[in-house]
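The structure appears right after this line, and notes come after that.
The values are calculated or read from the model by the stated rules, or taken from the named source; none is laboratory data. All values derive from a computational prediction rather than experimental measurement. Quick reminder, even Gly has a Cβ in these numbers, built from the backbone with ideal geometry, and neighbours come from all protein chains shown. With ligands, DNA and RNA removed, areas are computed over all heavy atoms of the protein, side chains included. Shrake-Rupley method; radii C 1.70, N 1.55, O 1.52, S 1.80 Å.
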Amino acid sequence: MSNHNPEGEFLTRGERLERLPFTKKLRNLIGTTGIGWALDAMDVGLISFIVAALAQQWGLTDTERSWIISIGFVGMAIGATVGGLLADKIGRRMVFALTLLVYGVATGASALVTGVGMLLVLRFIVGLGLGAELPVASTFVSEFAPKNIRGRVIVWLEAFWALGWIAAALIGYFVVAPYEDGWRWGFLIGAVPALYALIIRWKTPESVRFKELKGEFDQAEQTVRDYEESAGAGYTYTGETIDTSADLEAYEAGIPEEDKNLGIWSPSMRKRTLALWTIWFMINFSYYGAFTWIPSLLTAQGFTLVRSFEFTLIITLAQIPGYAVAAWLIEVIGRRRTLAIFLTGSAIAAILYGQAGEPWQIITAGMLLSFFNLGAWGALYAIGPELYPTNVRGTGTGAAAGFGRIASILTPLLTPVFVGIGGNALAFTVFSAAFAIAAIATFALPEQAGKSMK
């Protein structure tokens, strides 16, 4: 293995990581980071089952049910924005640990609530932790991933969402639905893996690019060497290394002085930021409007609680092949086309679900919606970190996620309104339109497949 790139230039530490194959260390990093990702999905999925159960036990109104769901997203909106900023200030790994600690404690405490007020407070705190987790996680793993499979790696990471949703569906079906206090046990089960992941997370190395920005070059070098050693002797690097911080200084030197303080809204980044925020808002609006209400909508259609949970579990299983196809396509036809295809498929599936009435129609349309929507999520998370340089990467991905969470706050409140006016057909037509707008916005993003991250 040559110590130099084809042009004979020396490599930055980031480029040294980007040239490596898929190694055991990267696999472990995806696994430990993915646990936090799965927890986020499990929480979002579990609360939809718990709300359906509490509606019967506590006699909740539609407004109370909506707020129990939405208040978590209020916390997520704040957590995503603040988490991204903190990731650029104190490090990716530290933010990971803090988010899991907040999530684990608040989720466990939720099992002890005796009323709606207490549950709302704890759901908000849970949201703070989970909101910061996802954009920071995708940023972190992107900075370690090989260039030629970076998009695919992030989709694999996002696939942990399916595992979390399946876990939530299983807990809902086997724990929440059959027992009066099953929802309390559901919260306790959700807290245990968070504490376990917190312990593992402390063993995860900090981002090499972040260490360089902080002047910790020796530690950054050691981390890169560890990854090179895990790739085998052929990837040992003995040439001169260019610090990423110097590379960033050269990049920033080309930005007009008056634009440097604008960050993600500078003229060179404004278009991509606006497009990314639009996609995030629309996909959040449709996804959370549909999936957090599906168990309740099914019970409203006359299905028993257990039966509606069974349908939801089957629908959730379609997420896995959705991620698999997106992971393959994203390196074959690029990020933008993959995202646009899956968003378009989501729009069509939403229309079909809105018209579904028979069990087989509900399951078929629901599985299509799961397949396309979660594949779109995988592509979106792969795109975000590639759009920004290291010094604002956490800020850029976190801000987009935070803005998107505004939609996830609104849509659980609006879904029962849509259903009340025009039934499932109107609600899912609105969701379809949002998916379509997101698909159009995709083409305003630059294609970053195969390019090095700054």
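Overview of values
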{"item": "Qualifying residue in the range 380-390 (condition: open to solvent by 10 Å² or more (accessible area, probe 1.4 Å), of a type in the set (Val, Ile, Thr) and part of a helix (DSSP H, G or I))", "result": "no"}
{"item": "Residues satisfying the stated conditions in the range 100-137, i.e. of a type in the set (S, T, N, Q), open to solvent by 10 Å² or more (accessible area, probe 1.4 Å) and in contact (Cβ under 8 Å) with a residue 24 or more places away in the chain", "result": "none"}
{"item": "Only listed residue being modelled with pLDDT under 85 and either in contact with a Lys or Arg (Cβ under 8 Å, 6 or more places away or on another chain) or assigned to a helix (DSSP H, G or I) (or both), chosen from Asp247, Asp226, Asp218", "result": "Asp247"}
{"item": "Residue check for Arg123: assigned to a helix (DSSP H, G or I) and either on the phi > 0 side of the Ramachandran plot or at pLDDT 90 or above (or both)", "result": "yes"}
{"item": "Restricting the range 56-75 to residues that are of a type in the set (D, E, K, R) and either in contact with a Gly (Cβ under 7 Å, 6 or more places away or on another chain) or touching a residue at least 60 places away in the same chain (Cβ under 8 Å) (or both), the residue that is nearest to Val113 (Cα to Cα)", "result": "Arg65"}
{"item": "Per-region count, the range 299-334, residues buried (at least 24 other Cβ atoms within 10 Å of the Cβ) and either at pLDDT below 90 or touching a Pro at 6+ places or on another chain (Cβ under 8 Å) (or both)", "result": "6"}
{"item": "Residue in the range 395-407 that is surrounded by fewer than 20 Cβ atoms within 10 Å (Cβ to Cβ) and within 18 Å of the chain's Cα centre (by Cα) present", "result": "yes"}
{"item": "Considering residues of the range 76-93 that are over 17 Å from Ala400 (Cβ atoms) and touching a residue at least 40 places away in the same chain (Cβ under 8 Å) only, the residue least open to solvent (accessible area, probe 1.4 Å)", "result": "Gly91"}
{"item": "Some residue of the range 347-360 being open to solvent by 60 Å² or more (accessible area, probe 1.4 Å) and within 20 Å of the chain's Cα centre (by Cα)", "result": "no"}
